[in-house]
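Report on one structure; see the data block that follows.
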Amino acid sequence: MNYAEAGGLARMALRGRLYSLPAVSTVSRRTATEPGARSPSSGHESLLLRAYRGEAVERVPVWFMRQAGRSLPEYRAIRKRADLLEICRTPDLAAEVTLLPIRRLGVDAAILFSDITLPLAAAGIDLEIVAGVGPVIADPIRSAADLGRLRPFDPAADAPYVAEAVRLAVAELDVPLIGFAGGPFTLASYLIEGGPSKAHTHTRRLMYGEPLLWRRLLEALAEIAVASLRAQVAAGAQAVQVFESWAGALSPDSYREFVLPAAQRIFSGIADLGVPRVHFGVGTGELLPLMATAGADVVGVDWRLPLGVARKRLGGEIPVQGNLDPAICLAPWEVVAQHVDTVLDGGGGRGHVFNLGHGVAPETDPDILRRVVERVHEHGVSRRIAAPARPDPPGD
Ligand code: CP3
């Protein structure tokens, strides 16, 4: 039996097991608290981890950013009974939501159900996640005195439910679980703006106007990310992603001066763990050469650049993740299929993990996502994988 067949059988077995679970909150606490409890096939040989390491794989693995929430009706049903942070703080529920897309979509990785702002709330920030809006912070951080309200984050004491959710999910999974944290610029923006922002004006004002305060804030946020990611990996996460979603608001020079050192601190602070580290941002086409120096093993690319061009900007060596425009998933299937193939061709097979260029849009039909997974599984095998890796695209 080749790897693909074995993977298919394992997935069928998993589906059978998961489908037999009642809808909500059925993960066994007893099984999952046994240290290291996980199915053997979720180990280091998985497709995802090999692709993240740039090794040859039989087919291109696929998962979706924001696959665990929003677009899934099962998630919406759970949300009627509990708000977002309550789900995150209830390990059974968080694990259950983490598993939903594995059952329904057949993706090659799970991402922990949590939020990038959760460690901030756990570290003393008065924060609410408002439905349809996003994270809202009552008292934004705009001065040295405000910064005092952001305590160091101790995952074991402040948010033990995260590690518990990781353990519960990993015990049920036969694909790797990806842990995550918010990037320092993205979290700083929420803290300084007090909520979601398109222009990030207060954030950039503070960054340019009070560089010492900015540096202290970013250092604190980098330490929060390191602590959070280390705790998730200790509990069983097998890869991690840093969502630096809003870094595309900066010029390369500003990114280099004001953000890169904190990004480097995060990736070096978890280097000894040996898990693949993904660095992702939106609108980062001009920042990719710098992001390549932050220390991540894989760089996530949004939909604005062909993957071949992104690879070139990254120096040609680093594996990439992406990059179907999430809005394409709202189009008729024939259009989606064509774009999936274009991404697969641009990805070049080796060192490519298929994903969207940003999170799943809430209005996405999960059945389209399931068909995308199927198509990547069918078409992402290949001559491309057998061929020498890393095509050199003409020009840029
Ligand atoms: O969706 C998943 O796969 C679940 C895990 C997850 C959530 N947030 C739960 C969530 C992940 C990976 C995140 C990351 C996150 N959170 C990011 C980085 C990814 C990205 O989209 O750029 C950012 C910027 C946030 C901050 C945040 N949290 C925003 C902007 C919002 C509101 C908009 C929205 O719908 O995403 C949230 C709320 C939130 N976090 C929801 C979910 C499922 C939706 C609201 C809800 O159910 O109440």
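Computed values, structure above
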| read-out | value |
| --- | --- |
| Criterion (in a loop (DSSP other than H, G, I, E, B), more than 9 Å from the ligand (Cβ to nearest atom) and either over 19 Å from His358 (Cβ atoms) or under 16 Å from the mean Cα position of the chain (by Cα) (or both)) met by exactly one of Glu55, Glu86 | Glu55 |
| Count - residues of the range 272-303 that are of a type outside the set (A, V, I, L, M, F, W, C) and either assigned to a strand (DSSP E or B) or modelled with pLDDT under 95 (or both) | 3 |
| Of all residues making up the range 132-171, the number that are without any contact (Cβ under 8 Å) to a residue 12 or more places away in the chain, outside any helix (DSSP H, G or I) and farther than 21 Å from Leu100 by Cβ | 1 |
| Some residue of the range 258-279 being over 28 Å from Pro140 (Cβ atoms) and of a type in the set (Lys, Arg) | yes |
| Top-ranked residue of the range 263-274 - restricted to ones that are touching an Asp or Glu at 6+ places or on another chain (Cβ under 9 Å) and surrounded by fewer than 24 Cβ atoms within 10 Å (Cβ to Cβ), ranked as farthest from Arg53 (Cα to Cα) | Arg265 |
| Any pair with Cβ under 7 angstrom, 6 or more apart, that starts in the range 340-368 at a residue that is over 22 Å from Arg53 (Cβ atoms) and ends at one that is among the β-branched types (Val, Ile, Thr) and surrounded by 24 or more Cβ atoms within 10 Å (Cβ to Cβ) | Val340/Val372; Val340/Val376; Gly357/Val301 |
| Test: residue in the range 112-119 that is away from the ligand (no atom under 15 Å from the Cβ) and either touching a helix residue (DSSP H, G or I) at 6+ places or on another chain (Cβ under 8 Å) or outside any helix (DSSP H, G or I) (or both) | no |
| Filtered residue count, the range 121-136, keeping only those that are more than 10 Å from the ligand (Cβ to nearest atom) and crowded, with 24+ Cβ neighbours inside 10 Å | 1 |
| Where Ile78 falls short, out of the listed (1) away from the ligand (no atom under 12 Å from the Cβ); (2) part of a helix (DSSP H, G or I); (3) among the β-branched types (Val, Ile, Thr) | (1) |
| Residue that is nearest to the ligand (Cβ to nearest atom), among those in the range 187-201 that are surrounded by fewer than 18 Cβ atoms within 10 Å (Cβ to Cβ) and under 14 Å from Ala247 (Cα atoms) | Pro196 |
| Pair list, Cβ under 7 Å, 6 or more apart: the range 75-86 residue touching a residue at least 12 places away in the same chain (Cβ under 8 Å), other residue more than 10 Å from the ligand (Cβ to nearest atom) and not in a helix (DSSP H, G or I) | Ile78/Val24 |
| Residue within the range 90-105 that is hydrophobic (A, V, I, L, M, F, W, C), modelled with pLDDT of 95 or more, within 16 Å of the ligand (Cβ to nearest atom) and touching a strand residue (DSSP E or B) at 6+ places or on another chain (Cβ under 6 Å) present | yes |
| Subset of the range 137-162 (residues that are touching a Pro at 6+ places or on another chain (Cβ under 8 Å) and within 16 Å of the ligand (Cβ to nearest atom)) | Ala159, Tyr161, Val162 |
| Residue list for the range 172-205, filter: touching a residue at least 60 places away in the same chain (Cβ under 8 Å), part of a loop (DSSP other than H, G, I, E, B) and within 21 Å of Ser254 (Cα to Cα) | Gly183, Pro196 |
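The values are calculated or read from the model by the stated rules, or taken from the named source; none is laboratory data. Computed from a predicted structure; not experimentally measured. For neighbour counting, all protein chains shown are included, and Cβ atoms are generated from backbone atoms with ideal geometry for every residue, glycine included.
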